[in-house]
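Colleague: Below is a structure I'd like to ask you about.
The values are calculated or read from the model by the stated rules, or taken from the named source; none is laboratory data. Computed from a predicted structure; not experimentally measured. Because the Cβ atoms are built from the backbone with ideal geometry, glycine has one as well, and the counts that use them run over all protein chains shown. Heavy atoms of the whole protein, side chains included, go into the accessibility calculation; ligands, DNA and RNA do not. Shrake-Rupley method; radii C 1.70, N 1.55, O 1.52, S 1.80 Å.
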Amino acid sequence: VTAVVNTGDDVVLHGLHISPDVDTVVYTLGGAANPDTGWGRLGETWEAMAELRALSGGRLAWFNLGDRDLGTHLYRTTRLAEGAGLGEVTAEIARRWGVAVRVLPMSDDRVETRVAVAGEG
């Protein structure tokens, strides 16, 4: 079985490459998904975001990243900077979680979802 996962919602935030849909699939298949939120990791803590929220008056904390989830984003960002492709990095992360299913991002290239709102741009 191969899961081809959306990367149109990937974002670079706080200098980190975040692949929320890829991570949700990997965490779910690896038994580490947070069932209460439907995203992120089970048993997650939010200390880093609480500090960022306090420092920025909430301005920089609109997208919540868990403390342990940050490790995934740090790893992905570092590996991509080293020249690895997103598919290769995704496979490494999936192996860490013991995921037997092949998880592939829909593209190794950056694909952005953009929405134009009438009157707003």
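Colleague: Just tell me the longest site-free run in the chain, where the sites are GluC sites (Glu not before Pro) in a DSSP loop having at most 13 other beta-carbon atoms within 10 Å.
Modeller: With a cap of 13 other Cβ atoms within 10 Å, the longest stretch comes to 1-81.
Colleague: Moving on. Have a look at the chain and give its Rg and Dmax from the Cα atoms, expressed in angstrom.
Modeller: Here Rg and the maximum Cα pair distance are 15.1, 47 Å.
Colleague: Now a separate question. Where does the chain land at 222 nm, in deg cm²/dmol rounded to the nearest 500, when only DSSP H runs of n ≥ 4 count, each adding -39500 (n - 2.57), divided by all residues?
Modeller: -11500 deg cm²/dmol
Colleague: Moving to a separate point now. For region 3-53, what does the accessible surface come to per residue with a 1.4 Å probe? Please give it in Å².
Modeller: Counting only protein heavy atoms, the per-residue value for region 3-53 is 48 Å².
Colleague: In region 1-59, how does Rg compare with the Kirkwood Rh, expressed as the Rg/Rh ratio over alpha carbon atoms?
Modeller: Radius of gyration relative to Kirkwood radius: 1.04.
Colleague: Sticking with this structure for a sec: Loop-only check: which chymotrypsin sites (Phe, Trp or Tyr not before Pro) in region 6-68 are DSSP coil with at most 12 other Cβ within 10 angstrom?
Modeller: Answer by residue number: Trp62, Phe63.
Colleague: Residue farthest toward the positive end of the dipole of the chain, with Cβ of Lys/Arg at +1 and Asp/Glu at -1: which of Leu104, Thr7, Met49?
Modeller: It is Leu104, whose Cα lies furthest towards the positive end.
Colleague: Also: Evaluate the distance, in nm, between pseudo-label points positioned 7 Å from the Cα of Arg102 and of Thr2 along their respective Cα→Cβ axes.
Modeller: 0.4 nm
Colleague: Could you please state, rounded to a whole Å, how far the C-alpha centre of region 78-97 is from the C-alpha centre of region 1-42?
Modeller: Using only Cα atoms to place each centre, the spacing works out to 13 Å.
Colleague: Assuming 0.36 nm per residue, please report the length gained on full extension of the stretch Glu51 to Ala116 beyond their Cα-Cα distance.
Modeller: 20.2 nm
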